[in-house]
Amino acid sequence: MERLSFVVFVLLLLSAGQAAPAADDAEVQSWMCGYKGHCRRFCNIQEYVVGYDGCPRRYRCCVLRA
């Protein structure tokens, strides 16, 4: 019984550690860059990449197509 509770505890710790980066991604996506651009890891279909300036590492500046 102790072993089962230990395994459940470890699984809860692992799942809690994976939830934190999603909050960081949501925060970074609200960052503005360039002229009306947003920092994203991957641009949406209706957006294009204008560069990487103003965004954290591994993020690019995406702007809506006109």
In the stretch 34-66, anything touching a Lys or Arg at 6+ places or on another chain (Cβ under 9 Å) and among the acidic types (Asp, Glu) is listed as Glu47
*Does Val49 qualify as being in contact (Cβ under 8 Å) with a residue 12 or more places away in the chain and surrounded by 17 or more Cβ atoms within 10 Å (Cβ to Cβ)?*
no
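Read the figures in this text as sums done on the coordinates, not as results from a lab. The structure displayed is predicted, hence computed values, not measured ones. For neighbour counting, all protein chains shown are included, and Cβ atoms are generated from backbone atoms with ideal geometry for every residue, glycine included.
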